Structures are given as C-alpha cells and as structure tokens.
1. Provide the per residue accessible area, probe 1.4 Å, for the range 31-193, rounded to a whole number of square angstrom.
2. Tally Lys and Arg at +1 and Asp and Glu at -1 over the other residues with C-beta under 14 Å from the C-beta of residue 393: what net charge comes out?
3. Kindly work out what percent of the DSSP beta bridges joining two residues of the range 31-193 are antiparallel, to the nearest 5.
4. Determine the principal axes of the Cα atoms in the range 124-215, then give the extent along each, sorted from largest to smallest and rounded to whole angstroms.
5. What number comes out for accessible area per residue over the range 516-737 if the probe is 1.4 Å? Units Å², please.
6. Less than 17 Å apart at the alpha-carbon level, and either on another chain or at least 8 residues along: which lysines does that give for residue 138?
7. Using the Cα atoms of the range 258-401 to build a convex hull, what is its mean projected area in square nanometres?
8. How much of the DSSP bridge set in the chain is antiparallel, in percent, rounded to the nearest 5?
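The values are calculated or read from the model by the stated rules, or taken from the named source; none is laboratory data. A quick note: this is a predicted structure, and the numbers were derived from the prediction, not measured. Cβ sites come from the backbone with ideal geometry, for glycine too, and all protein chains shown count toward neighbours. For accessibility, only protein heavy atoms count, side chains too; no ligands or nucleic acids. Shrake-Rupley method; radii C 1.70, N 1.55, O 1.52, S 1.80 Å.
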Amino acid sequence: MTIHASRRDVLKRGGALVVSFSFAGASGETFAQGAKPLAITEVDSFLAIDARGVVTVYSGKVDLGTGVATALPQIVADELDVPLNRIKLVQGDTALTPDQGTTWGSLSIQVGGMQLRNAAATARAALLEEAAKRLSAKTEDLRVVDGVVSAGGKRVSYGELIGGKSFALKLDHAKPAAGKDPKGYKVVGKPVPRVDIPDKVTGRFIYMQDFRVPGMLHGRVVRPPAIGATLESVDEASIKNVAGVVKVVRQGNFLGVVAESEWGAIKAAQRLKASWSKSQMLPDAAKLWDEVRATKVVKDEVTSNVGNTAEAVSQAGAKTLNATYDFAIHTHGSIGPSCAVAEFKDGKLTSWSASQATHNLRKQLATMFGIPADNVRCIYIEGSGCYGRNGHEDAAADAALLAKAVGRPVRVQWSRADEHGWDPKGPPTLVDLRAAMDGANVITAWESEFFIPQQTAGSFLVSLVAATLAGMPAADDIAPGNIFQNSAIPYKFANIKTICRRLASTPFRPSWIRTPGRMQNTYANECFVDELAAAANADPVEFRLKHLDPNDKRGIEVLNRAAALAKWDKRPSPRRDQRGEVATGRGVAYCKYELTRTYVAAVAEVEVKRSTGDIRVTKFYLAHDCGQIINPDGLRNQLDGNVIQTLSRTLIEELKYDRSAVTSLDWASYPILRFPQIPELVYDLIDRPNERPWGAGEPAAAVVPSAISNAVFDAIGVRLRSVPYTPDKVTAAMKGAA
C-alpha cells in the first residue's frame, strides 16, 4: 500500500514517533517539535512501527511504474519478519522521506533498497535485544513470526516493544548491519503480485493527472512559437468572452492563464492573442551531425587508456577498420503528459508532482522563488509515464508560478504538444571508432571518440522552463546525465583508448532518458565489435568470449546463457545462403553495465523485407544477471519495458524540428511502437540470492539497438550505423553496398 500523508497525520497515528525509546543504552532524543528525522544515518528516517505493529516505510526513491512500491516492502518485510500487508509505504515526500538521491540509474533497489535493508536489520537487532530483556531469554532463543517475538512460552509484539516511540539508532551504510540469511527469506525472491496493478487495471489508481485539492484552479501556459522568442505584447481583451478566466499571468517571456475550469484554461490559452519575436536558434536538421562535429569541445574526457594505440595502428601491415555511428535526438514520449499542482500558503510552497527527484525539485523551486528550502515541500504522486527527467518538474514550476500569482492552488496539465515540444531531450550522440588488426586477425588496437554534451560538475539540475522564461533565479547548468558511462569497453585488447569529447552545447535542453549514454555508447561499441568479428571471419559470440576478461566469470556465463537460450547458430556473419524477398538473421550484444554491475546479453532475431527496408524483430532473447532478485515478476516487467521501449527508439523514434521549434508534436509525427510490432520475449533470469542486488531498470535497454543492427547485418550483409533504423536508411544501405 502506498500512502500520501501529512506530517500531522503521521504524528497522529504514531508513524513519526514522539516519545524517546533507547536501545542498548542509546540516548535517544525526543523528535524536536514533532519533526521527523530525515538523515540517511537514522533508522527513524526510514522506519516507524505503531502500537498495532504496522510498519511505515519512508523511501526517498519512488515508484515510477517500476514496481519498487512492491519490492521495497518485500525487503523490509523479510528483514523484520512482518507480513507484507502490515507495511505501508510513504515515498518522495521531502517533509517525511530521506533524500536518497534521484530515482534513476537503476539504483532504487541497489542503493535505496539496501539502505532500507540496513535500517530494518538494525531495527530488528534492537527489537530482539529489548524483547530478550522483556522475556528473560537469550536473543538466540527468540523466534519472530509476523512481528511477534516469542520464547519459553512468552511473547511480545513489535507494537508492544516500540509502538509510538523512536528507535534513536544510527546507521552506517558503508558497514551495514548483518541481515538475515537469504535461506530464511519468505518473500524476497518470490513473484509477489504488484500492489499497484489491481487499482490500475480497474481505473481506481490516482495518478498525478487525477490528483485534486480543494479550491483548486486550472492553469495553462501559452508557449512561445519558437525557442528563444521574446514576448512583445499580449491582448487580454481577446479572451474576455471565455467563461471563468481568473487571471492572465505575464512575467518576462512567461505567459499563462488561470481559470476556474480546465476547459476554461484550455480555451483561454488557445484564444489569447500574443505577439512574439522571431527566433531561429536551432541547427538545420539535415546537417545535425555536421553541427555536432563542429561544436566547441570544452574537455576531452579519457575514459580508458591501455597501451599505445597510436603506435599499434601505425605498425607495418596493420589493417585498419573505421566506422561512425550516430543516435538521434529523442523526446521522452511519456504516455500521460506532465502534470502538477502547487499551493502557496503563509509564505510556504507545497508542490505535488510526479518528479523523480523531489528533493532536487525542492531546491530548484526554493531558488526560483527566493525562499528557504525549508519553506518548500515537494510530494511525489506517480505519473502516467516518466522514463527519466521529462516535463514533470517543469509542470511543477509552471503551477507554482501561477499559484503564487493568483493566491490559490493551481493545477497545470501539459498537453501532448507541450510534452513533445518542451520536455528536455535526450541529446544526439556521434561516435567515431577505429581498430587495427594484424595479419593473423588479432585485434591490436581499439580507439573511439564520443561527441556528447558536457555535464555541469556536481549538478544534475535540469533548468526549469518557467524560471528561464520568467527571468527568475535559476542555475545555468547542462545536465544530460552520466552519459560517458560504457564508453569504455569490457573487452581485453592490447591497446585501447576511449575519449569523450565533451561539447559546450547541444541543440535542445538536455536531460537523461532511460539508459542515458549507456545505450548509445553500448550500441556503437557492440556494433563495432561485430564488425571486427566479421572482419576476422569469426562467430560473433565466440569472438566476444575470446576477448572478455577470463576472470569475469559472470560476464562469460551471461553471454553463454543468452546463446544457449536462443539456440545460437555458431558461424560468422553474414549469412550467405539467402536470396529471397525476406531475409532472416540473428545478432548478439553484451553489456556489463557501467563496467561494474548488472550483466546483460541479448540475441535478436529479425526479418528484413528487401524491397521496402522494413525490419521486423520476431524474437528477442535476454540473459540477465542483477545479483539477488527481489521479485522475479517485477524484474520481468522491467525487462519488458526496457526491450519494448528501446525497440521503439531503435526502429522508429526521432525528434523532428525546424530552425525555430520542435515540429513532431503528436503521435502521428513522433510515432512509437504498436502492439503488433512487439516480438516474442524470452528471458533467462540469473538469480544469485547470496549476492548484493543490482539494478534492472535500465541495463537491458543498452543491448537492444546493437543486437538488432547486428542481426540485420547477418540477414542482408549491410551495417546500420544510424538510429533509428528506418526503412529508407535500410534501402539506402543496401543500395550503397550493391
């Protein structure tokens, strides 16, 4: 169960505890004025147990539709020995939950879940120590079932031990408390049904788009017709006949309307006459890659450097292979456009949104309005779609600006055109690769250059559109995310040099979209590895296995298991025995995520129609090792999302724009994958219950584009080096190879 609670509500029901309770001689202090601890070094920041034995879990990591609202309680339930139905989850509320960092990077379980496990294990040890005193027993003789401790015919519940009191216990996440033996888990590792699905499939779930507060007005923002345009004039009389208009809000280049009803706000925004300056700040879309290559490089970031590649490439007799890969600009394409509600009251701002980073949003809103962060409360409510930093935070800023202007709560619901036109974009990626091979087909050198935008050091605060338009205080940061990751390769060649050329700018306001950088970089690397395998006349799987670190047993295992799962046809690519209209092929790709964690290997099977260039992915096989699996059904959900969404991005999606603005403002101009195009998905989930759990929200996406490109090469003998793989690109490649 997920709850949205006020501080007052939590105090009333005993969730934030007001009576000091010390274990093992700890000198717990009463929570000052009822304030709930928020530091990640406090058990009370994460857990509370009331007199009925109900456990409230406070998570700074939020469920973006990823299933962690089920998985996180599973972790706590097993560690505390309480039933799942006695756990409540509060998530992403800056007044109640600790700042565990942005919900991104496949870190909700790996980091957030392990912090909760540490808190629960620490709490359990203290509870058992207190129970031993109460029951006059040794701790090793105690038995816990459903939150009740028993020994020698006597029993005491967690609620009786601590209900209404604080733990007052410190946490060290670098040296976590000893948890339970995985052999004793009852729900971790089990396919526990997701708690959110029943309400979602029956229409009872309250998404952010459904959320309302009393006395709420509705707002819409009138967007500039061009990026960089300035607002010259507004004719407020143009909407005098629209019923229910409360106010036209103009601040700098920000223009919005507030009305009593949502329809009133929509009509007012459509009819309001405004004059804007001309602006053509965007590059010529037809020359995008020339623009990327010509952009000023502010830093060369060397991500790996082994041996001497220059010397190896210049060796007499060395054969050199070169390739350039590019990956298009993508919008997040959230199914439900962004939405937020904001209220200013007594100088304090409350913001409800689907932000994946409520603690960061709190800082940004405080800066924007020039008020202390303590006067801003951001509360997470799940939205219909996310996939990274989309428009949710911008909608929150829109709502806050309008709410302050009218002195009442305001809801801002973005339109589809708002979402596609004004959310931050996944930036374009351009990659140059070069390798050298000797006469015996041994790879002697690997070089790569990644042209990607810079990342402002220490900041992942994507600028808020409302603050920028209104000329309000805001950090001028560039935050595409950690897109350098996986530019270095997992293979062992004698000489390797990988460089990220960090660019001063990128055409659109950048942010991270699912698997940022890791997808684009793995795509180029794994396609080029396949090119080397073909040049060496080697089987693509065998070639990879030959060059993986022999000590990385998990990497070798996941690649072998993917091949076995797909019944891999061992031979070099491409196939030489096809002459028909429809060609079939198989391709492999491998990724060790960030070269430090989750292992993924994939095999794609494709059909390519020669006359049209249409690609159909018929089957997609995936072997996945993320360590200890918390919920295998939830993991499968994540893998489904990874593969299906990335198939769409690989085969179809591409932002369209002219010199002034985005032009792909609807699903007709920015199409996505349809149900008939979804392939059969086959998984091998490698569970390692005695290992630390790693993330699964992103890694599987990293291998999709390269597996498909490699399969197409196997089918028709041409390389696809430009995402998306549209039919015209396929036919052009075939003509070029003829």
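1. It amounts to 37 Å² per residue over the range 31-193.
2. Its environment carries a net charge of -2.
3. Approximately 70 percent, going by the DSSP bridge assignments.
4. Largest first, the range 124-215 extends 54, 36, 35 Å along its Cα principal axes.
5. Per-residue value: 36 Å².
6. 154
7. 15.7 nm²
8. In the chain, approximately 70 percent of DSSP beta bridges are antiparallel ones.
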